[in-house]
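The values are calculated or read from the model by the stated rules, or taken from the named source; none is laboratory data. Since we're looking at a predicted model, the values are computed, not measured. No Cβ is skipped: glycine too gets one built from the backbone with ideal geometry, and neighbour counts run over all protein chains shown. For the accessible areas, the whole protein counts, side chains as well, though only heavy atoms, and no ligand, DNA or RNA atoms are used. Shrake-Rupley method; radii C 1.70, N 1.55, O 1.52, S 1.80 Å.
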Amino acid sequence: MSDTKVYLLDGGTLVIDGFHAFWNRGPGGELRFPCYAVLVEHADGTYIFDTGYDHDHVMKVLPFEKPLQTPEQTIPGALARIGKKPQDVDYVINSHYHFDHCGGNKYLTEACTLCHAKELEACSCHQPFEHLGYSDLSFAPDLAKAKAGAKDAAEPALDIYTPKFETLTGDQEIAKGLWLFETPGHTAGHYSMMVELKNRRPMLFTADACYSQKNMDMMCISSFHLDPTASLKSMQRLKDLAEKYDAELFYSHDPESFGDYIKAPGFYS
Ligand SMILES: [Zn+2]
């Protein structure tokens, strides 16, 4: 049995305002930040945690986020750099269904899709102020239709498959040493992921429960949230988990930390 490996797949960058990144704190002004996917090669299969954004979708729906993404930063391009094809991915895990975390799902047609039950529900039935976050449902035409009220739904752009969903609730060890921890607040059914590895400390991927080290240091959440009080509790939970498991925190959108992370084709093991 081979040891687990973790690859970080660079997915390009987006821009938001500083007041969105640091709610009610700022400072304001453009903040360009990275997006990435986490590929886990595990004895039980190949998993991918989040899939970044789709460039065309962002240009169409929220161009003010000024996406910068090369072909190598799309899911097929990033997988090719480590000698893999989209069909090699067995499981997609989505921390949540914001557009910048599920944009590459549509390529992973052989995978079973795992997410929190509440998150799947939120895709088609969310609060009005979450509409931009949940704007890319291209990977799941049935959900897009449910959201649009069945008959008004636009046809999906791709010759699309219908994904197999498996929903979860509570904390779960989905494979040996591969943990999902509930961290709600940013969205209804948000999961963070921890991977235990042979040769180093566990890696704890916050996803959007905490954008950056600076957010954590300030205990300052982003302005995109369903429930700010729950968001803060989840940040504290991540701190506590990191301490309990001696895990290293990897943030979802941290321009500073991302520079230090090992990106694919390099990997952690
Ligand atoms: Zn998000």
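For the range 210-215, putting each phi into the Karplus relation 6.51 cos²θ - 1.76 cosθ + 1.60 with θ = phi - 60° gives couplings of 7, 5, 7, 4, 5, 4 Hz, in residue order, rounded to whole numbers and with x for Gly and Pro. If you keep only loop residues by DSSP, which trypsin sites (Lys or Arg not before Pro) in the range 190-269 have at most 16 other Cβ atoms within 10 Å of their Cβ? Loop-located and lightly packed - 198, 200, 263. Given a 1.4 Å probe and the protein chains as shown, residue 179 ends up with an accessible area of around 60 Å².
For the chain, modelled as a GNM whose springs connect Cα atoms under 10 angstrom apart, the maximal fluctuation among 222, 257, 231 occurs at 257. Taking the 1.4 Å solvent-accessible surface of the chain as the whole, the part contributed by carbon and sulfur is 51%. Within the straight-line cut-off of under 25 Å between alpha carbons, the lysines reachable from residue 244 are 5, 176, 198, 214, 233, sequence neighbours fewer than 8 places apart in one chain being disregarded. Remark on residue 221: its backbone amide H falls under 5 Å from those of 23, a criterion applied only to residues 5 or more positions apart or on other chains, H modelled at 1.01 Å from N.
Of the complete DSSP H runs in the chain, those spanning 24 angstrom or more by Cα along the long axis with a mean Kyte-Doolittle score not below -1.0 are 228-245. Charge dipole of the chain (Cα centre as origin; +1 on each Lys and Arg Cβ, -1 on each Asp and Glu Cβ, all else neutral): 140 debye, rounded to the nearest 20. Take every pair of alpha-carbon atoms less than 8 Å apart whose residues are at least six positions apart; their mean separation over the length of the chain yields a relative contact order of 20 percent.
In the range 56-204, the inverse of the mean reciprocal separation of distinct Cα atoms equals 16.5 Å; this is its Kirkwood hydrodynamic radius.
The Cα center of the range 102-148 and the Cα center of the range 37-96 differ in position by 15 Å. Considering only 184, 63, 163, the mean-square fluctuation computed in a Gaussian network model of the chain, springs between alpha carbons under 10 angstrom, is largest for 63.
By DSSP, the beta bridges lying fully in the range 1-142 are antiparallel in about 75 percent of cases. Note on residue 218 and residue 198: their simple-model spin labels are 4.2 nm apart, each label 7 Å out from Cα toward Cβ.
Between 104, 45, 133, the Gaussian network model of the chain with springs among Cα atoms under 10 angstrom shows the greatest mean-square fluctuation at 45. Here is the P(r) of the chain: all C-alpha pair distances, binned every 10 Å from 0, give 7, 32, 39, 19, 2, 0 in whole percents.
Couplings 3J(HN,Hα) of the range 96-112, computed from phi: 6, 9, 5, 4, 8, 10, 9, x, x, 3, 4, 7, 9, 6, 9, 8, 8 Hz, in residue order, whole Hz [Karplus 6.51 cos²θ - 1.76 cosθ + 1.60, θ = phi - 60°; x for Gly and Pro]. Between beta-carbons, use under 11 Å as the cut-off and find the net charge around residue 103, counting Lys and Arg +1, Asp and Glu -1. Summing Lys/Arg as +1 and Asp/Glu as -1 gives -4.
Over the chain, accessible surface divided per residue gives 44 Å², non-protein components excluded, 1.4 Å probe. Projecting the Cα atoms of 42, 186, 69 onto the charge dipole of the chain, computed from C-beta unit charges around the Cα centre, puts 69 farthest toward the positive end. Of all beta bridges that DSSP places with both ends in the chain, some 65 percent have antiparallel geometry. Here the range 125-269 carries DSSP beta bridges of which approximately 75% are antiparallel, counting only pairs with both residues inside.
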